[in-house]
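The values are calculated or read from the model by the stated rules, or taken from the named source; none is laboratory data. Because the structure is a prediction, the values reported are computed rather than measured. Every residue, glycine among them, receives a Cβ derived from its backbone with ideal geometry; neighbour counts consider all protein chains shown.
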Amino acid sequence: MNKYQLKKKIYELDFAIHELVLYLDSHPTSKKALELLEEYKKKRRDMIMAYEEKYGAFVMTPRDVEKSDCWKWLEGPWPWENNFMED
C-alpha cells in the first residue's frame, strides 16, 4: 500500500471504531460489537505501524513541530483537499 492508501484505511478504521463506540453506548453487552471493536483497534495499530515504518510519525504533536519564526499549519492541505489515491 502507498502512503495515501494506508491513511485512507486508517481513517476508515477510525470511523468504524467511533461508530462501534456509539453503538456500545446503547448496547454495552453486545459481544459481536465488542469483538469487532478489538479487531478494528488491532488492525488500526497494525496499519499505523506499517505507515510509520515507511513514512514516519502518523500523529504529529507540538513536540514534533520544528522551531520556526512563524506558525506554518496553514501551508499544508486541508483535510478535504487530500487525495488518498495519489502516489
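Considering each residue of the stretch 18-43, count those that are within 17 Å of the chain's Cα centre (by Cα), of a type in the set (A, V, I, L, M) and surrounded by fewer than 16 Cβ atoms within 10 Å (Cβ to Cβ), and give that number.
Within the stretch 18-43, residues that are within 17 Å of the chain's Cα centre (by Cα), of a type in the set (A, V, I, L, M) and surrounded by fewer than 16 Cβ atoms within 10 Å (Cβ to Cβ) number 1.
Give me the pairs: first residue in the stretch 52-76 and modelled with pLDDT of 65 or more, second residue assigned to a helix (DSSP H, G or I) and surrounded by 10 or more Cβ atoms within 10 Å (Cβ to Cβ), beta-carbon distance under 6 Å, and six or more apart or on different chains, which are they?
Tyr55/Lys3; Phe58/Ile48; Phe58/Tyr51; Phe58/Glu52
Scan (1) in contact with an Asp or Glu (Cβ under 9 Å, 6 or more places away or on another chain); (2) modelled with pLDDT under 70 for the single condition Glu86 breaks and write down its number.
Going through the list (1) in contact with an Asp or Glu (Cβ under 9 Å, 6 or more places away or on another chain); (2) modelled with pLDDT under 70, Glu86 breaks only (1).
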